[in-house]
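First the structure, in the form of structure tokens, and then the observations on it.
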Amino acid sequence: MKLLATLFLLSVFACLFPNGEQAQQTPILKPTKVENKWGYSNSRGELVIPPQFDIALDFKNDFARVGVTDTEKHGLGWRSDYKWGFIDIKGRIVVELKYAEVDDFSEGLAMVSLREQRRLCGVDNYGYVDTTGALVIGPKFAFAGSFHNGRARVGVGKIEYAGRCLCCAPQFAGQYGYVDKSGNFVPDVKE
């Protein structure tokens, strides 16, 4: 019985620590607001990334979306004039804070929008950056999703508005499909 218990514990240990090494965990950092600026604190509440951002989101895949703006914030909610980018867990800016919109990294790439105003008249303005900040797929999509299994859902075309303003009855006029990590667009097959 002791032999079975010992073998069980060894197998659990082998699964938890492959190659006999201790597993390394990413430190848990949480956005922390100090005097109207955001930084990050560790699990003990110690400030480890100084407050310098106007908005800071949770870390995902070792990167956090952060934003700054030149204008004073009024009211609550999201602002469209933030300049977004990414920091790593050491607080280094890895993607310059210059994008109108960003999404979390998935499979090493993150969607970014280069437009000053997001989705203005459906102009193609979405592309992808890698974890070094390099624009690896240029802004050629009307919309773009996250990567899964080596490809991301995108649309090539534009958004048209049936109403008198940009918020009235938006309709996508174009072609849906997928983009691979090399930037190749594969349109949906029509049945």
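The values are calculated or read from the model by the stated rules, or taken from the named source; none is laboratory data. For clarity, every value in this text was computed on a predicted model and none was experimentally measured. Positions of Cβ are generated from backbone atoms using ideal geometry, with glycine treated the same way; all protein chains shown enter the neighbour counts.
Condition test on A134, is it surrounded by 16 or more Cβ atoms within 10 Å (Cβ to Cβ), out of contact with any Ser or Thr (no Cβ under 6 Å at 6 or more places or on another chain) and at pLDDT 85 or above? It is false that A134 is surrounded by 16 or more Cβ atoms within 10 Å (Cβ to Cβ), out of contact with any Ser or Thr (no Cβ under 6 Å at 6 or more places or on another chain) and at pLDDT 85 or above. Taking the condition among the charged types (D, E, K, R), farther than 17 Å from D180 by Cα and either touching a Gly at 6+ places or on another chain (Cβ under 6 Å) or at pLDDT 90 or above (or both), does D88 pass? Against the criterion (among the charged types (D, E, K, R), farther than 17 Å from D180 by Cα and either touching a Gly at 6+ places or on another chain (Cβ under 6 Å) or at pLDDT 90 or above (or both)), D88 qualifies.
Residue by residue, here is whether (1) among the charged types (D, E, K, R); (2) surrounded by 14 or more Cβ atoms within 10 Å (Cβ to Cβ); (3) modelled with pLDDT of 95 or more holds:
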{"residue": "L4", "(1), (2), (3)": "no, no, no"}
{"residue": "N36", "(1), (2), (3)": "no, no, no"}
{"residue": "A56", "(1), (2), (3)": "no, yes, yes"}
{"residue": "K73", "(1), (2), (3)": "yes, no, no"}
{"residue": "M111", "(1), (2), (3)": "no, yes, yes"}
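Inspection of segment 158-174 identifies no residue that is modelled with pLDDT of 75 or more and closer than 26 Å to K60 by Cα.
The single condition among (1) under 30 Å from W38 (Cα atoms); (2) at pLDDT 95 or above; (3) in contact with a Gly (Cβ under 8 Å, 6 or more places away or on another chain) that K181 does not satisfy is (1).
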